[in-house]
1. How do the pairs read when you match residues in the range 262-275 that are of a type in the set (S, T, N, Q) with residues anywhere that are open to solvent by less than 40 Å² (accessible area, probe 1.4 Å) and in a helix (DSSP H, G or I), using Cβ under 6 Å and keeping only pairs 6 or more apart or on different chains?
2. Would you mind telling me which numbered condition in (1) among the aliphatic types (A, V, I, L, M); (2) modelled with pLDDT under 95; (3) open to solvent by less than 10 Å² (accessible area, probe 1.4 Å) A353 fails?
3. Given the conditions (1) touching a residue at least 60 places away in the same chain (Cβ under 8 Å); (2) under 30 Å from P326 (Cβ atoms), and given that V139 satisfies all but one, which numbered condition is not satisfied?
4. If you go through the range 316-330 one residue at a time, how many are touching a residue at least 60 places away in the same chain (Cβ under 8 Å) and open to solvent by 60 Å² or more (accessible area, probe 1.4 Å)?
5. Quick check on this structure: which one of A73, A112, A55, A83 is within 25 Å of L183 (Cβ to Cβ) and touching a residue at least 12 places away in the same chain (Cβ under 8 Å)?
6. Residues in the range 251-272 that are touching a helix residue (DSSP H, G or I) at 6+ places or on another chain (Cβ under 7 Å), open to solvent by 10 Å² or more (accessible area, probe 1.4 Å) and assigned to a loop (DSSP other than H, G, I, E, B): how many?
7. Identify, please: which residue in the range 331-350 is part of a helix (DSSP H, G or I) and in contact (Cβ under 8 Å) with a residue 24 or more places away in the chain and is, among those, surrounded by the most Cβ atoms within 10 Å (Cβ to Cβ)?
8. Take A171 and tell me if it is at negative phi, without any contact (Cβ under 8 Å) to a residue 12 or more places away in the chain and not acidic (D, E).
Amino acid sequence: MRFVLQRPDITVLAAASALLACGMISPPLFGVTLTAAVLTGIAFLALRFPTWFCAAWLVVTGMSLEMTLHDLAGEETYQPAIAMIKGIEIGLGLVCVIRFGPKLDILCPAWAFPVMFGSGWVHGLYPGLTTADSLRSAVGSAAPFVFCFSRVPRSWADAMIRATKWCPVLAVTASIPLALTGLRPLFVESGGARLAGLGHPAFLAGVCLPAIYACLIQLYREGRRSDLWLLIVNSLILILTGARAPVAFAVAVTALTLLTLRSTVFAVRDRVMLVLAVLALLPLLALLAGDLEEVRLFKVVMHETGNLSGRNLLWPWFQDAASGSPWFGWGMGAGNAVIPANGPIAQILHTWAAHNEYLRIEVEGGVFGGTLLIGLFAAWVIVHTRALCPSDRRIMRLAFLALAGHAFTDNVLISTPACVMFAFATAVFARGRPPWHSE
């Protein structure tokens with residue numbers, strides 16, 4: 001790819017040079033102007049190479065570095081880190097709009113969040129929730145869908161899908177040096193040993209799901225052995241996280257895909273052998289279950305199948321809050337105000353999130369907001385998957401059915417893994433139309 005300066009590039013470089021010159025002329029302003037020049041330079045590079053920047057952002061987001069900062073630098077860094085991740089995504093979305101062109105996606109689920117913000121503000125916000133907090137929550141909830149509003153080219157889509165496939169492996173690999181130096185453990189104790197990588201086991205599991213879907217999509221498109229092995233590795237990482245619901249949904253989507261979906265490049269024999277190999281391992285795992293109880297997933301399956309990990313303490317609070325405003329809810333962000341952050345439940349469970357998106361949306365948007373959001377999701381997925389090839393269409397529809405089920409027990413719309421999931425979905429959907437732009 002040949003690098004040729006265009007008029008916008010010259011303008012940006014001239015602006016950066018002017019900022020540096022101002023800093024040299026006025027030394028007290030040098031720090032400010034240097035920072036502005038560096039940011040201008042980064043913006044220039046992002047405009048020139050948007051696909052590379054977006055793929056790099058996706059990998060970093062999939063690593064859940066906000067958790068690492070939380071453990072190493074203190075709790076006060078957690079929320080700013082999440083805000084930075086989503087803020088960068090919004091910035092990259094704007095870069096893609098400028099570079100590739102805008103697109104009006106009228107079915108995008110992101111439209112539901114400003115509507116819920118407006119209805120909550122008119123109705124009255126939850127006690128203690130400010131307008132600024134509600135607006136910030138609405139922006140943060142819509143951020144994972146920002147790439148939907150750009151006519152991203154096929155090259156961008158392919159790069160984002162490749163990045164999604166490798167996210168869990170890179171997250172675990174990058175965490176090994178920290179574990180070896182004793183700065184942060186690779187496994188954490190949470191009802192048993194759980195693989196955490198650079199983040200939290202639940203977050204790593206949330207990233208494993210789109211990675212597995214991406215591997216399946218590529219397997220059915222290209223039939224490469226590397227994608228098959230990566231599918232196996234990502235599945236193993238998911239099992240080691242000890243996250244029950246993600247494991248169950250990943251198994252369901254993978255099994256239904258392998259057993260019911262035809263492919264001209266992924267032979268039936270290979271698919272059947274893969275399923276049989278997994279089935280053959282089940283008796284062995286049953287025999288070893290007693291010795292593997294230190295692994296959280298086996299411990300829960302053997303002795304604590306009804307354990308809700310404290311969700312039974314969280315959910316009544318949200319049910320009570322929702323009953324106070326059943327039709328229009330209490331506004332975006334109300335889910336963060338239901339349980340006191342310094343209260344006993346938050347101190348015991350180390351969370352005040354609902355761990356049930358249906359309950360959270362019921363609190364924040366009521367029946368109106370919940371119906372709007374679910375309706376947009378259903379229409380968005382159905383319409384955008386119609387133009388996909390049969391294997392992509394089936395896998396993505398299964399993936400979103402799994403997401404709908406997973407939403408009953410986890411925060412699948414507001415956590416950073418949601419940014420990975422919906423950026424990946426946008427990339428797959430972009431394959432359903434002829435590329436009008438190439439880099």
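1. That search, which allows pairs on different chains as well, returns S263/Y220.
2. Failed condition: (3).
3. (1)
4. 1
5. Checking each option against the conditions leaves just A83.
6. Total satisfying the criteria: 3.
7. G335
8. no
The values are calculated or read from the model by the stated rules, or taken from the named source; none is laboratory data. These numbers come from a predicted model, not from an experiment. Every residue, glycine among them, receives a Cβ derived from its backbone with ideal geometry; neighbour counts consider all protein chains shown. Note: areas computed on protein heavy atoms with side chains; ligands, DNA, RNA excluded. Shrake-Rupley method; radii C 1.70, N 1.55, O 1.52, S 1.80 Å.
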